[in-house]
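K.L.:
Mind having a look at this structure? Questions to follow.
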Amino acid sequence: MTPRRRRLMIVLLILLAVGVAAALTLNAFRGNLVFFYGPSQLAGVEKVHERNLRLGGLVEQGSVKREDDGLTVHFNVTDNVTTVPVTYKGILPDLFREGQGVVAQGRLNAGGEFMAEEVLAKHDENYMPPEVAAALKQASEAGGKTPQFTGTLMMQGGSNK
Amino acid sequence: MWVWLHKFGSPKYFYNVSGKILPWVGGATVLLILVGLYLGLFASPADYQQRDSVRIMYIHVPSAWNSMFIYLVMAAAAAIGLIWNIKIADIAAAVSAPIGASFTFITLVTGSLWGKPMWGTWWEWDARLTSELILLFLYLGYIALQSAFEDRRTAARASAVLAIVGAVNVPIIYYSVQWWNTLHQPQSLGVGMSTIHASMLLPLLLMALGFKLLYVTLLLMRTRTEVLERERNSAWVQELAQALSGKSSSDQVRSSNEQR
């Protein structure tokens, strides 16, 4: 029994050591593993104007304006607290629309405008047929509340900013 | 329980019992995947945002769950083999790796195919995508380490350590979308909560169950083959082979099940 017990202890020790090491490493890298910054987080970024970074948030309703060349687009990215104006020249992904999440890569210029080189659409965790989406929209317009499924299905209201 | 476990650890007992279970598991796998595919690809509605691209989810998500689940099974089997010296556990861990690697590969490819039209990119180095890629490398490293040793016992011990160490990556993949800002969407399913409409959830769950059973089927088949090969000099395999050699080759597959 002793060699078995010893091997068991070794395996558990390996798991513990690797787990602790991974936890410490991930904790240390926490800031660097961020894929994008929210509009409110931008202010806290050091040397923000010199860095190439990603800005993520929702495209503000009614903010999308296209220039006459058909390629340059202006829109605002918001987290419902802070709003950052974005300029982008290029082709937008299919899912890009007002009220949807986006991740833009680029630089914040001195005037506080974000000059994007790439814009990616960010999908949220909600999946439903178009009829249900339409019904939810109608209900929320009538009731003025956040759309929610009833019964066994629940939406995580507001968890996805 | 311990007696039963020890019995199951004997290659001959495992071979006999798994031969009886296999047709049932295999049948259920085919049925679940066929129904799941029909519901997912034809009968379920398109998504309000993604339209028909949402159907990639019915392959992508079950594969992704399997890629993590199989790794945990593999690491657990490898640890059991390492600690208690159980042959069947060593075999189960060794044959799981290529299956798990395949599901990981399917996850990455389907995710990429979905990402191009939806996100606008094939690949981004976000935490979820990167950690899943590391999972593929862990599987490949495990397979490479297995074949690097002539002696099976040494191979099993060395690769078991890698499998156990790599297990720490699985919770990282799972929680990556909660811990960090990622391009990948947060999880839609949890205990008692779902942000997927019921008409899409049913085919997804059927496919997930079907994929799990597909793993069990493949695991049993590959373990049985490996047991025969490793035990080829033992009396019971010799008997089995002698009983078979009298029959015509076309009957061999079926008769191997009827022999017992």
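The values are calculated or read from the model by the stated rules, or taken from the named source; none is laboratory data. Predicted, not measured: the structure shown is a model, and the values here were computed from it. Neighbour counts run over all protein chains shown; Cβ positions are idealised from the backbone, glycine included. The accessibility values were calculated without ligands, DNA or RNA, using every heavy atom of the protein model including side chains. Shrake-Rupley method; radii C 1.70, N 1.55, O 1.52, S 1.80 Å.
K.L.:
Please give the per residue volume of the convex hull enclosing the alpha carbon atoms of chain B, rounded to a whole number of Å³.
P.N.:
Details: hull volume 41.4 nm³, N = 260.
Normalising the Cα hull of chain B by residue number yields 159 Å³.
K.L.:
Rounded to the nearest 10 Å², what accessible area does B:PHE42 have for a 1.4 Å probe in the complete protein model?
P.N.:
150 Å²
K.L.:
Taking one equal scatterer on every alpha-carbon of region B:66-126, how large is log10 of I(q)/I(0) by Debye at q = 0.13, 0.16, 0.19 1/Å?
P.N.:
The Debye formula, applied to the Cα set alone, gives -0.46, -0.58, -0.69.
K.L.:
Follow-up. Once every DSSP H run of n ≥ 4 in chain B is given -39500 (n - 2.57) and the sum is divided by its residues, what mean residue ellipticity at 222 nm do you get, rounded to the nearest 500 deg cm²/dmol?
P.N.:
Theoretical 222 nm ellipticity from helices: -25500 deg cm²/dmol.
K.L.:
Could you tell me the largest-minus-smallest coordinate of the C-alpha atoms of the protein assembly as shown on each of the three principal axes, in descending order and whole angstroms?
P.N.:
Cα spread of the protein assembly as shown along its principal axes, largest to smallest: 82, 47, 39 Å.
K.L.:
Next question. Compute and list, largest first, the equivalent-ellipsoid semi-axes of region A:59-106 from the alpha carbon gyration tensor, each √(5λ) rounded to a whole angstrom. Display every interim value, and only then the final one.
P.N.:
Numbers: eigenvalues 60, 25, 21 Å².
Working through the eigenvalues yields semi-axes of 17, 11, 10 Å.
K.L.:
Additional query: B:ASP47: net charge of surrounding residues, Cβ under 13 Å, Lys/Arg +1, Asp/Glu -1, itself excluded?
P.N.:
Values: positive: B:ARG51, B:ARG55; negative: A:ASP94, A:ASP124, A:GLU125, A:GLU131, B:ASP52.
Value of the local net charge: -3.
K.L.:
Report the net charge of residues surrounding B:ALA163, where surrounding means a beta-carbon distance below 14 angstrom and charges are Lys +1, Arg +1, Asp -1, Glu -1.
P.N.:
Surrounding charge for B:ALA163 is 0.
K.L.:
Compute the acute angle (0 to 90°) between the alpha-carbon long axis of helix A:130-143 and the principal axis of greatest extent of the alpha-carbon atoms of chain A; round to the nearest 10°.
P.N.:
On a 0 to 90 degree scale, this one is about 70.
K.L.:
Could you tell me how many degrees, from 0 to 90 and to the nearest 10, lie between the Cα long axis of helix B:87-118 and the main elongation axis, the longest principal axis, of the Cα atoms of chain B?
P.N.:
Computed tilt is about 20 degrees.
K.L.:
Give the whole-number value, in cubic angstrom per residue, of the convex hull volume spanned by the C-alpha atoms of chain A. Provide the component values of the computation, followed by the final result.
P.N.:
Numbers: hull volume 31.9 nm³, N = 161.
Spelled out: Cα convex hull of chain A, divided by residues, is 198 Å³.
K.L.:
Be a star and scan region B:79-94 for residues whose amide nitrogen sits under 16 Å from the point 7 Å along the Cα-to-Cβ vector of B:ALA158.
P.N.:
B:94
K.L.:
Once you've got the Cα coordinates, tell me which of A:LYS65/A:LYS89; A:LYS65/A:LYS122; A:LYS122/B:LYS116 are over 18 Å apart.
P.N.:
Beyond 18 Å: A:LYS65/A:LYS122.
K.L.:
Using the beta-carbon distance between B:ASN233 and B:TRP123 and R0 = 45 Å, what value does 1/(1 + (r/R0)^6) give for FRET efficiency, to the nearest 0.05?
P.N.:
0.40
K.L.:
Another question, if that's okay. Relative to the first principal axis of the alpha-carbon coordinates of chain B, what is the inclination of helix B:169-179, with its axis defined by its Cα atoms, in degrees from 0 to 90 and to the nearest 10?
P.N.:
The answer is roughly 10 degrees.
K.L.:
Whenever you get a sec, compute what percent of the accessible area on chain B sits on carbon and sulfur atoms (1.4 Å probe). All intermediate terms of the calculation are to be shown ahead of the outcome.
P.N.:
Numbers: 8480 of 12390 Å².
Result for chain B: 68 percent of the exposed heavy-atom area is carbon or sulfur.
K.L.:
Could I ask something else about it? Which value, in Å², gives the accessible area per residue of the protein assembly as shown when a 1.4 Å probe is used on the protein heavy atoms?
P.N.:
For the protein assembly as shown, the per-residue accessible area is 52 Å².
K.L.:
Averaged over its residues, how many other protein chain Cβ atoms are within 10 Å of peptide B:36-48's Cβ atoms?
P.N.:
2
K.L.:
Here's another thing I want to ask about it. Can you pull the mean other chain C-beta count within 10 Å for peptide B:116-122?
P.N.:
Per residue, the average neighbour count from other chains is 6.
K.L.:
Across region A:117-124, in residue order, what do the Karplus-derived ³J(HN,Hα) couplings come to in whole Hz, using 6.51 cos²θ - 1.76 cosθ + 1.60 with θ = phi - 60° and x for Gly and Pro?
P.N.:
Values per residue, Gly and Pro as x: 9, 8, 10, 10, 7, 10, 8, 9 Hz.
K.L.:
Another question, if that's okay. Between B and A, buried accessible area summed over both sides at probe 1.4 Å, in Å² to the nearest 100?
P.N.:
Chains B and A together bury roughly 4100 Å² of accessible area.
K.L.:
List the residues whose amide H sits under 5 Å from the amide H of B:SER194, counting only those 5 or more places along or on another chain, with H placed 1.01 Å from N in the peptide plane.
P.N.:
It is A:MET154, by chain and number.
K.L.:
How high is the relative contact order of region A:23-79, in percent, with contacts defined as C-alpha pairs under 8 Å that are six or more residues apart?
P.N.:
Once normalised by length, the contact order is 31 percent.
K.L.:
Just to confirm a number: summing +1 for Lys and Arg and -1 for Asp and Glu over residues other than B:ASP126 whose beta-carbon lies under 14 angstrom from that of B:ASP126, what do you get? Before the final figure, lay out each step's value.
P.N.:
Details: positive: A:ARG54, A:LYS122, B:ARG128; negative: A:GLU118, B:GLU124, B:GLU132.
Taking every Cβ under 14 Å from that of B:ASP126, the sum is 0.
K.L.:
What nm value, rounded to one decimal, do you get for the distance between B:HIS6 and A:LYS137 when each label is placed 7 Å out toward the C-beta?
P.N.:
6.8 nm
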